[in-house]
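The values are calculated or read from the model by the stated rules, or taken from the named source; none is laboratory data. Remember, it's a predicted structure, so these values are computed and weren't measured experimentally. Glycine gets a Cβ as well: all are built from the backbone with ideal geometry, and neighbour counts include every protein chain shown. Heads up: the accessible areas ignore ligands, DNA and RNA and are worked out on the full protein's heavy atoms, side chains in. Shrake-Rupley method; radii C 1.70, N 1.55, O 1.52, S 1.80 Å.
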Amino acid sequence: ERIPTRGSVRVNGRDLHAGDAPGLVAMVPQDDLVHGELTVREAVRYAARIRLPGLEASKVDARVDAVLVDLGLYEHRDTVIGTPARRGISGGQRKRVNIAIELVGDAPVLLLDEPTSGLASSDAAELVMLLDDLARHRGKTILTVIHQPSRREYERFARVIILGHGGRRIFEGTPRESYGFFDRYRARTNPEGAPVGDAAAVFECIRKRRLELEAQYPQGRSHDVAAQRWREEFEREWRPLHPAPPVTA
């Protein structure tokens, strides 16, 4: 665990690093943590027994079934997850089992590291729709790292933070607001081009700016300079006109 060097991380007013916020945050890593020889229900039930100690068996089973229903896994509850030598559920369903294992503890905040990585486009789209439903209708706060999303997936997020080289925040806002921010650069450099209208066009603007700076700033410095310029423009020119909404807990 890494402790902040300054400031604090709080969930509903409780300090995450002070030991007074147990069970508030669940983490779904990029790599699978499921046992392929277990069925879907067995894997989630074992996780529930660990995360809900002292809860009677009937209530644990009810909690497990509720999570499986929420994640569209109930009809696959008795299917073996699968191994390289034994066919099981699909890649998208396997990722949902990983989410179920964390969700069964009923943490209000769910962190996911590249949940769509390695999935077919249809499975990735279905997974993002599921996360959207959990946030909108199950009261979960969901934070996820995602790379190269399609427009449909990208626009399902309530807010996005785009990081440049070195972890610099170069944009924060709604997906549609990001189109307007990056289109300012497109209009300056390619006035005859199509307006920015999807995530791919956003990332193309970031790539082009870095390439334009390579001749002036060799040895990789173009990455740093480009990220710094995006950040300065965002803070100086965009943020004052598009302030972030207040955070409520």
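Structure summary
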item: Gain in span if fully extended, residue 221 to residue 50, counting 0.36 nm per residue against the direct Cα distance; result: 56.8 nm
item: Distant-in-sequence amide H partners of residue 30 (H built 1.01 Å from N, under 5 Å); result: 113
item: Antiparallel DSSP beta bridges within the chain, as percent of all bridges there, nearest 5; result: 45
item: Cβ-Cβ FRET estimate between residue 35 and residue 6, R0 fixed at 45 Å, reported to 0.05; result: 0.65
item: Point-to-point label distance, residue 59-residue 169, nm (Cα→Cβ direction, 7 Å offset); result: 3.9
item: Carbon and sulfur %, accessible surface of segment 147-209 computed with the full protein complex present, 1.4 Å; result: 51
item: In segment 1-51, the GluC sites (Glu not before Pro) that fall in loop regions by DSSP, at most 10 other Cβ within 10 Å; result: 1
item: Candidates per GluC sites (Glu not before Pro) in segment 179-249, loop by DSSP, up to 11 other Cβ within 10 Å; result: 192
item: Computed over the chain, Cα set: Rg, Dmax in Å; result: 21.1, 67
item: Percent accessible area from carbon and sulfur atoms, segment 7-55, protein chains only, probe 1.4 Å; result: 51
